[in-house]
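Just below is one structure, and these are the notes that go with it.
The values are calculated or read from the model by the stated rules, or taken from the named source; none is laboratory data. Owing to the predicted nature of the structure, the values given are computational and were not obtained by experimental measurement. Positions of Cβ are backbone-derived with ideal geometry, glycine not excepted, and every protein chain shown enters the neighbour counts.
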Amino acid sequence: MPHTLGRLANSMAVECKRFITVDTDGKPMLDFLGENISRRYNAEDRQNLIGGINDCIAEQHQMAQAENDSKLLSRYERLAAYVESRSALWK
């Protein structure tokens with residue numbers, strides 16, 4: 001039984017690592033729009049989800065601009081770049 005649990009744990013760890021990517025700042029991050037997530041949705045749901053994400057980013061970016069919050073602006077610009085880099089998976 002211990003060997004079976006070890007193999008299961010190893011298999012789960014490998015699967016979990018597929019959800020990690022490296023961000024533009026060089027640090028690991030959850031790849032929440034990667035292939036492993038996108039294939040869990042049908043095409044219509046993918047379009048609706050990515051559209052909502054883009055709308056939210058645009059709204060938050062606009063608010064950060066209005067408040068002249070350079071820290072938040074930078075974060076939303078990086079998030080928008082990440083979403084754009086994954087957009088082909090969500091068509």
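The residue of the range 1-24 that is surrounded by the most Cβ atoms within 10 Å (Cβ to Cβ), among those that are at pLDDT below 85 and outside any helix (DSSP H, G or I), is 24.
Of all the criteria given as (1) under 11 Å from the mean Cα position of the chain (by Cα); (2) part of a helix (DSSP H, G or I); (3) not small (Gly, Ala, Ser), the one not satisfied by residue 60 is (1).
Note on the range 50-69: residues that are surrounded by 11 or more Cβ atoms within 10 Å (Cβ to Cβ), aliphatic (A, V, I, L, M) and over 15 Å from residue 84 (Cβ atoms) total 2. Exactly one residue out of 44, 77 is part of a helix (DSSP H, G or I) and either at pLDDT below 90 or loosely packed, with under 13 Cβ neighbours inside 10 Å (or both), and it is 44. Pairs are defined by a Cβ separation below 6 Å, a sequence spacing of at least 6 or placement on different chains, a first member in the range 56-81 that is under 16 Å from residue 33 (Cβ atoms), and a second member that is surrounded by fewer than 16 Cβ atoms within 10 Å (Cβ to Cβ) and at pLDDT below 95; the pairs so defined are 78/24. Which one of these does residue 36 not meet: (1) outside any helix (DSSP H, G or I); (2) in contact with a Phe, Trp or Tyr (Cβ under 8 Å, 6 or more places away or on another chain)? If we test residue 36 against (1) outside any helix (DSSP H, G or I); (2) in contact with a Phe, Trp or Tyr (Cβ under 8 Å, 6 or more places away or on another chain), just (1) comes out false.
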